[in-house]
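Report on one structure; see the data block that follows.
The values are calculated or read from the model by the stated rules, or taken from the named source; none is laboratory data. Not measured: the values here are computed from a predicted model. Here the Cβ is made from the backbone with ideal geometry for all residues, glycine too, and neighbour counts use every protein chain on show. Side chains included, ligands, DNA and RNA excluded: accessible areas come from the protein's heavy atoms. Shrake-Rupley method; radii C 1.70, N 1.55, O 1.52, S 1.80 Å.
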Amino acid sequence: MKIKKTKSLSSKIVLLIMIISILSVLIIFTVFERVNKKAFYSIEMEKANLVARTIEPLIAINIYLDMKDRNDQVLSQLLENPNILAVKVLKNNKVINEIISSEYASNTEESFIIEQVIHQPNSRNVLGSLIITYSNKNYKELIAQYSKILLIMFIVFSIIFTLFSLYVKKLLLPLRKIVKSLKKYSPDQEIEIPYVSQNNEIGLISKALNDMQKKISQYSDKQKNINQYLEEKVNEKTLELRKQLYTDTLTKLPNRHSLLNDIISSNDGALLIINIDDFKEINDFFGQMAGDDILKSFAYKLNSMFNKQQDLTISRLSGDEFALFFTKKPSAEEFIEIAKKLVSDVEKMIFFYENNELSIRVTVGGSYQIENVLEKADIALKSAKKRQESFLLYDEKLNIEEQYKDNIEWVKNLKIAIANDKIVPHFQAIYDNKSDKIASYECLIRLIDENENIISPYKFLTIAKKSRLYGELTKIMIEKSCKYFENINCDFSVNLSVEDILNKSTVEYIKQKIKEHNVSKKIIFEILESEGIENYEDVAIFTNEMKALGCRIAIDDFGSGYSNFEHLLQLKIDYIKIDGTLIKNIDHDINAQIVVETIVDFAQRLNILTVAEFVHNEAVYKKIKDLSIDRTQGFYLAQPQNQI
């Protein structure tokens, strides 16, 4: 087997020096040659121009005085200069004098042509031109001599740099021998490093390496058991990290990762997930430290409650959630009884923090099936919270998984509809009850699906809010509604949620579109009172800004459960839209009639117009007229249409 011989460092350095040196010399000489050639050329051209400028006045006088013979004499004298090959004098583009030397024929390709304009004496009038053919023989001789000198200099410099490179290689040779000796080095065997005795830089390097060799040997002797020591430390750290990975730092209980490992390694089991109700309120009211203290106490109490229970693991899943995993599950009845007793026992617990007695309640979700046990217990927990029950066991009838899938599908449909411009407004007429004519239109959102079906908002608006697409839908409705009514002489209303009003980006967009389409005097903003207006000050800022632009404000779904007459006074509204739950049975519901009469009386005293929503039959329509409600909206009079 052949060993590939690598070039030494010294050889590489020498070769690099030679290449750089030769390239540098070549570049310098090339630059010098070009610069000097140009200089020689300029000198010869200047000579020729000087001759032309010198004789031009004589030629000009002779032409001016019509002395052609005198011009011939001047030209003949010029030919005595060996560098001048031919001279012509032109007048009106015709040759009037010309003389050519005997060398002209053999040097025409190696000459400079100089043309000098001949001016009338003491004037700028042009009499003709003087053309001189000037030999470049002298220029070529100069270039040849200069090139020879450059070549000699290049050879001399190349020899100097070559000798210098060989000298550098010789200087580096000791380093190569030192490196060769170091290849045999081993901590257990001392080697002899050459040139230690030399009193120069090489000797200093050798001495330093020799000292380093001794220190390494000493260190090696002390650290013979280093591998065993490191292995012990690595094992120790691994156990520590594993403990940190699978242990909750606050309660010291196994964490979510540990629980997942237990579930994966179990063939059967049951799980309870425990969530502390309204734990955020404890953190907000008493502080984070109080919350942490209660979590630690709760973990301790859970351990105490189940310390005799075998085949059970207690874990902390997240902030206020804990889990009980039964690796050997009890009977279904016993499992349910454990969960219910847990809820009851927790309610009796008392927690102390800085002389404060605190109690907590929990909601528990359970799964008795090992397959997807964590997901199923979590679904049961969420369902229990939704139903406001303290415990719920997972059952296929809960159908929560199907709801999750349906929600995901609707988010996808919403995104497709937004991307494909399939979110559109439909317009429902609102009638004036005195004139029975259309007073305005409400713009209602609709989604056109892939099969061109019209989808009502109750199917997708809740999902839009959860998936943060609601703001995008509001902007689409504002843009399309304003654009539609831009050139129609009719009022129109658009629904806004409190979320829209509190979003600065949405509010700025609304202002921009109102001004862009010039609809400030037509648009009515319906604020959804059914959502509960808590921050009336922020809403009041919005209503004041809109009214300053000329817009009007309506409270939608008024009477749905959050109505606050005092706060409504602050909003300076123009319309109250009475909620459909009060209107739909108003023809026979006495209580609804009393509430509506109160609202109408309140509105009339403040000069606020009232609108009855969801008017679905003639009896309801007649009743709202009897109650002096100003306007009517509902399927009985008009259904939403894609155009008016």
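To test your reading of the geometry: what angle, between 0 and 90 degrees and rounded to tens, separates the Cα axis of helix 373-387 from the longest principal axis of the chain?
Helix 373-387 sits roughly 60 degrees off the main axis of the chain.
With the alpha-carbon atoms as the only input, what is the per residue convex hull volume for segment 111-208 in Å³?
Expressed per residue, the convex hull around the Cα atoms of segment 111-208 is 248 Å³.
Please report the Cα spread of segment 25-175 along all three principal axes, rounded to whole Å, starting with the longest.
Principal-axis extents of the Cα atoms in segment 25-175, largest first: 90, 33, 21 Å.
Lysines within cross-link reach of K148: Cα-Cα under 26 Å, excluding same-chain residues under 8 positions apart?
K37, K38, K47, K137, K140
Once Rh for segment 42-123 is found with the Kirkwood sum over Cα pairs, what is the Stokes-Einstein diffusion coefficient at 10 °C and 1.306 mPa s, in µm²/s?
D, rounded to a whole number, is 119 µm²/s.
Compute the Kirkwood hydrodynamic radius of segment 457-543, taking the inverse of the mean of 1/r over all pairs of distinct Cα atoms, and give it in Å to one decimal. Please report the intermediate quantities before stating the final value.
On the way: mean 1/r = 0.0734 Å⁻¹.
Result for segment 457-543 stands at 13.6 Å.
In the chain, what percent of the accessible surface is made up of carbon and sulfur (1.4 Å probe, ligands and nucleic acids excluded)?
On the way: 20410 of 38890 Å².
For the chain, the apolar C and S fraction of the accessible surface comes to 52 percent.
Let me see the P(r) profile for segment 279-353: every Cα-Cα distance counted, bins of 5 Å, each bin given as a percent of all pairs.
3, 13, 23, 25, 18, 10, 6, 3, 0
Give me a comma-separated list of calculated 3J(HN,Hα) values for segment 425-441, in order, Karplus coefficients 6.51, -1.76, 1.60 applied at θ = phi - 60°, integers in Hz, x for any Gly or Pro.
3J(HN,Hα) across segment 425-441, in whole Hz: x, 10, 10, 10, 6, 10, 9, 7, 6, 8, 9, 6, 10, 5, 9, 6, 10.
Take the alpha carbon atoms of segment 139-179, find their center, do the same for segment 433-471, and report the distance between the two centers in whole angstrom.
So the separation of the two Cα centres works out to 89 Å.
For the chain, take the longest principal axis of its alpha carbons; what is the angle in degrees between that and the long axis of helix 201-222, to the nearest 10 within 0 to 90?
Between the helix axis and the principal axis of the chain, the angle is about 30 degrees.
Taking the Cα atoms of segment 198-352, report the difference between the largest and smallest coordinate on each principal axis, in whole Å and largest first.
The Cα atoms of segment 198-352 stretch 92, 43, 21 Å along the principal axes, largest first.
R0 = 60 Å: FRET efficiency of E98 with V168, Cβ-based, nearest 0.05? Please list the in-between numbers first.
Numbers: r = 67 Å, r/R0 = 1.11.
Efficiency, rounded to the nearest 0.05: 0.35.
With an 8 Å cut-off on Cα pairs and a minimum separation of 6 or more residues, tell me the relative contact order of the chain in percent.
Averaging sequence separation for qualifying contacts and normalising by length gives 7 percent for the chain.
Mind checking the full-extension length gain between M67 and K504? Use 0.36 nm per residue of separation minus the Cα-Cα distance, one decimal, nm. Walk me through the intermediate numbers first.
Details: separation 437, 0.36 × 437 = 157.32 nm, distance 9.79 nm.
That pair, M67 and K504, stretches by 147.5 nm at full extension.
Given 5 Å bins starting at zero, what is the percent of C-alpha pairs of segment 532-641 in each, up to the one with the largest pair distance?
With 5 Å bins starting at 0, P(r) equals 2, 12, 23, 22, 18, 12, 8, 3, 0.
Pull up all non-local amide H partners of A86: gap of 5 or more, or a different chain, and H-to-H distance under 5 Å with H placed in the peptide plane.
Under 5 Å from the amide H of A86 lie the amide H atoms of S101, T133, each far enough along the sequence or on another chain.
If I stretch the segment between R468 and E231 completely, what's the gain in nm (0.36 nm per residue apart, minus their alpha carbon distance), one decimal?
80.1 nm
By DSSP, what percent of the beta bridges with both residues in segment 165-324 are antiparallel, rounded to the nearest 5?
100 percent
Using helices alone, what [θ] at 222 nm do you get for the chain, with -39,500 (n - 2.57) per DSSP H run of 4 or more residues, divided over all residues and rounded to the nearest 500?
Calculated at 222 nm, the ellipticity per residue is -17500 deg cm²/dmol.
Could you tell me how far the Cα centroid of segment 303-366 sits from the Cα centroid of segment 246-272, in Å?
Centre-to-centre (Cα) distance: 15 Å.
Return the sequence-ordered ³J(HN,Hα) values of segment 23-33 in whole Hz as given by the Karplus equation 6.51 cos²θ - 1.76 cosθ + 1.60 applied to θ = phi - 60°, using x for Gly and Pro.
With the stated coefficients, segment 23-33 comes to 4, 4, 4, 4, 5, 4, 5, 4, 5, 4, 4 Hz.
Over 19 Å between Cα atoms: which of K308/K376; K184/K207; K480/K521; K434/K622; K412/K480 fall into that group?
K308/K376; K412/K480, as the Cα separations exceed 19 Å there.
Quick check: residue separation of N544 and D268 times 0.36 nm, minus the Cα distance between them. What number comes out in nm?
93.0 nm
7 Å from Cα along Cα→Cβ at both F32 and N518: what's the point-to-point distance in nm?
8.2 nm
Hey, of [x] 49, 29, 24; [y] 95, 61, 20; [z] 56, 37, 19, which did the structure itself give for semi-axes √(5λ) of the Cα gyration tensor in Å when calculated?
The value matching this structure is [y].
My understanding is that a pair violates if its Cα-Cα distance is over 22 Å; which of K475/K584; K466/K572; K301/K340 do that in this structure?
K475/K584; K466/K572
From largest accessible area down, sort V74, V494; use a 1.4 Å probe on the protein chains. Numbers along the way, then the final one.
Working: V74 25, V494 5 Å².
Output order, biggest surface exposure first: V74, V494.
Could you grab the relative contact order for segment 422-525? Cα pairs under 8 Å, six or more apart, rounded to a whole percent.
After rounding, I find 26 percent.
Could you work out the relative contact order of segment 294-355? I mean the mean sequence separation of Cα pairs under 8 Å and 6+ apart, divided by the number of residues, in percent.
About 24 percent, as a whole number.
Can you pull out the trypsin sites (Lys or Arg not before Pro) in segment 407-439 that DSSP calls coil and that have at most 11 other Cβ atoms within 10 Å?
Qualifying residues, ordered by number: K434, K437.
From the backbone phi of segment 286-297, what are the Karplus-calculated ³J(HN,Hα) couplings (6.51 cos²θ - 1.76 cosθ + 1.60, θ = phi - 60°) in whole Hz, Gly and Pro given as x?
9, x, 4, 5, 5, x, 4, 5, 5, 4, 5, 5
Mind jotting down the distance between the C-alpha centroids of segment 283-299 and segment 14-28, whole Å?
Cα centroid of segment 14-28 versus Cα centroid of segment 283-299: 77 Å apart.
What residues have an amide H closer than 5 Å to that of K422, excluding those fewer than 5 places away on the same chain, when H is modeled at 1.01 Å from N in the peptide plane?
Excluding prolines and chain starts, which carry no amide H, there are no hits.
Around V51, under 15 Å between beta carbons, what's the net of Lys plus Arg minus Asp minus Glu among the other residues?
-2
Would you pull out the residues with amide H under 5 Å of L627's amide H, same chain only if 5 or more places away, H placed 1.01 Å from N?
When sequence neighbours closer than 5 places are left aside, there are no close amide H contacts.
If I fit a long axis through the Cα atoms of helix 536-549 and take the longest principal axis of the Cα atoms of the chain, what angle between them do I get, 0 to 90°, rounded to 10?
Approximately 60 degrees, to the nearest 10.
At I448 and S158, where each label point lies 7 Å from the Cα along Cα→Cβ, what is the point-to-point distance in nanometres?
8.3 nm
Rolling a 1.4 angstrom probe over the protein heavy atoms, how many square angstrom per residue are accessible across the chain?
I get 60 Å² per residue for the chain.
Using a 7 Å offset from the Cα along the Cα-to-Cβ direction at both L182 and N585, what is the distance between the two label points in nm, to one decimal?
About 9.7 nm, to one decimal.
Give me the percent of DSSP beta bridges within the chain that run antiparallel, rounded to the nearest 5.
So the antiparallel bridges amount to about 70 percent of the total.
With +1 on the Cβ of every Lys and Arg and -1 on the Cβ of every Asp and Glu, and nothing else charged, how large is the dipole of segment 13-101 about its Cα centre, in debye rounded to the nearest 20?
Here the size comes out at about 240 debye.
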